[in-house]
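Remarks on the structure that follows.
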Amino acid sequence: MLRSRIIGTGHFLPERILTNTELETMMDTTDEWIRQRTGIHQRHSAKDGEGSADLAYPAAVQALEAANVDPNDVDLVLMATTTPDYIFPASACVLQEKLGIERAAAFDMNAACSGFVYALATANSMIQTGMFKTILLAGAERVTNRLNWEMRDTAVLFGDGAGAVVLRAENGDHGVLTSYLDASGGENDLLIWPAGGSKQPIGSHNHDSSDCDIRMRGQDLFKRAVIEFSNAMKQALNGTDVSLDEIALVIPHQANIRIIQKSAERIGMSMDRVFVNVDQVGNTMAASIPIALDQAVRAGRIKDGDLILFAAFGAGLTWGSCLVRW
Ligand code: UT7
């Protein structure tokens, strides 16, 4: 059976680290509160003038090198992001140009923090139909330059970064085995960044200035996240003969250590089989899973034949999962 195999991974985190202690000087918060309520110790922040494609570029170069793939062999550049460089063109096109890829299809996907899982499922379907053979998929977010540093409930959560994978069409039993996607648009008020799109363009002066900031109903979101994370992890195994005990590593979206722990507990998964880096990078939205994946690969935590489970949840609301055999 034709499958999408992940043949290379990479990630990039900007050099500048923003610690909780530094945030204490910028807003009414404490290192202790942030660590206890979120598990985050620090996050990375890109330089002025850097956009998401600038962060995706080094991650993509690393992934292509690891895969031993010439950039011009890529036939689709796909980027999962909620913070594209421009309204148009897509950041995937910006990334294509940076990589010197002369001809390839290129587009962005926005499924907020579930973006990587949505994009992986989409890329996999396109490979299975025979439409593309080699896909570069990057998840990248440049978010810290748009945060309101007076809003302690959201500003402490997010960080910049990018991760990338190279997918190759391959016959066999390695690659994406299943994917599950779901959404509930009626609950978009739980997490929304209202202004800046076509409904309330920045500079139109017809929106409340608070619409320029992320609005989040944290506790409600937390409860939904735990339920949907655990459901998504189980759904990925539906219709397969794989049991949760056989999963070598779960790589969840990194929003809050307590969400990750409670979801794992709910399905009876021990935390030693769950990859966590939220303490070091914060919530990097669509970039969180590919960053974590590359860190896990480079740390030797994934070996040939391992079953890996990706699970994500985010604004939309959106959630989903993918089961992959390495
Ligand atoms: O990535 C995709 C989706 N995102 C999520 O899934 C996020 C889900 N939600 C969460 O992770 C948590 O709800 C938060 C980390 C956002 C908040 O934690 P919480 O334990 O739910 O706190 P809370 O919102 O109930 O606030 C508790 C208190 C409040 O003070 P009072 O009213 O009890 O006096 C807040 O004002 O903590 C206060 N607070 C803070 N204090 C210090 C909120 N943010 C901060 C802060 N520093 N940064």
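The values are calculated or read from the model by the stated rules, or taken from the named source; none is laboratory data. Fair warning: this is a prediction, and the values are worked out from it, not measured in the lab. Backbone-built Cβ (ideal geometry, glycine too); neighbour counts: all protein chains shown. The accessibility values were calculated without ligands, DNA or RNA, using every heavy atom of the protein model including side chains. Shrake-Rupley method; radii C 1.70, N 1.55, O 1.52, S 1.80 Å.
Would the stretch 213-228 turn up any residue that is over 25 Å from Val156 (Cα atoms), among the polar types (S, T, N, Q) and open to solvent by 20 Å² or more (accessible area, probe 1.4 Å)? No, the stretch 213-228 contains no residue that is over 25 Å from Val156 (Cα atoms), among the polar types (S, T, N, Q) and open to solvent by 20 Å² or more (accessible area, probe 1.4 Å). Pick out the one residue from Asn68, Asn124, Asn110 that is touching a residue at least 24 places away in the same chain (Cβ under 8 Å), closer than 30 Å to Ser184 by Cα and open to solvent by 40 Å² or more (accessible area, probe 1.4 Å). The unique qualifying residue is Asn110. Taking the numbered list (1) free of Cβ contacts under 8 Å to residues at least 24 places away in the same chain; (2) open to solvent by 40 Å² or more (accessible area, probe 1.4 Å); (3) within 16 Å of the ligand (Cβ to nearest atom) in turn, Asp31 passes all entries but (2). When the stretch 177-193 is limited to residues that are open to solvent by 50 Å² or more (accessible area, probe 1.4 Å) and part of a strand (DSSP E or B), the one that is farthest from the ligand (Cβ to nearest atom) turns out to be Ser179.
Consider the stretch 78-91 and keep the residues that are in contact (Cβ under 8 Å) with a residue 40 or more places away in the chain and among the aliphatic types (A, V, I, L, M). The one that is surrounded by the fewest Cβ atoms within 10 Å (Cβ to Cβ) is Leu78. Scanning the stretch 242-260 for residues that are part of a helix (DSSP H, G or I) and in contact (Cβ under 8 Å) with a residue 12 or more places away in the chain yields Leu244, Glu246, Ile257, Arg258, Ile259, Ile260.
A single member of Leu181, Leu136, Leu167 is in the same structural domain as Gln295 (by TED's automatic domain parsing), within 17 Å of the chain's Cα centre (by Cα) and not charged (D, E, K, R), and it is Leu181.
Selection of the stretch 210-225 for residues being more than 9 Å from the ligand (Cβ to nearest atom) and either in a helix (DSSP H, G or I) or outside the structural domain of Trp193 (by TED's automatic domain parsing) (or both) yields Ser210, Asp211, Cys212.
Can you name the residue in the stretch 1-21 that is within 16 Å of Gly163 (Cβ to Cβ) and open to solvent by 40 Å² or more (accessible area, probe 1.4 Å) and is also farthest from the chain's Cα centre (by Cα) among such residues? Taking the candidates together, the pick is Ile7. Screening Arg301 against (1) in a loop (DSSP other than H, G, I, E, B); (2) within 23 Å of Asn188 (Cβ to Cβ); (3) open to solvent by 10 Å² or more (accessible area, probe 1.4 Å) leaves a single unmet condition, (2). Lys98 passes every criterion in (1) more than 14 Å from the ligand (Cβ to nearest atom); (2) open to solvent by less than 40 Å² (accessible area, probe 1.4 Å) apart from (2). The number of residues in the stretch 312-326 that are open to solvent by less than 10 Å² (accessible area, probe 1.4 Å) and more than 12 Å from the ligand (Cβ to nearest atom) comes to 5.
Out of Gly239, Gly203, Gly196, one residue alone is assigned to a loop (DSSP other than H, G, I, E, B), on the phi > 0 side of the Ramachandran plot, touching a residue at least 60 places away in the same chain (Cβ under 8 Å) and more than 14 Å from the ligand (Cβ to nearest atom). It is Gly239.
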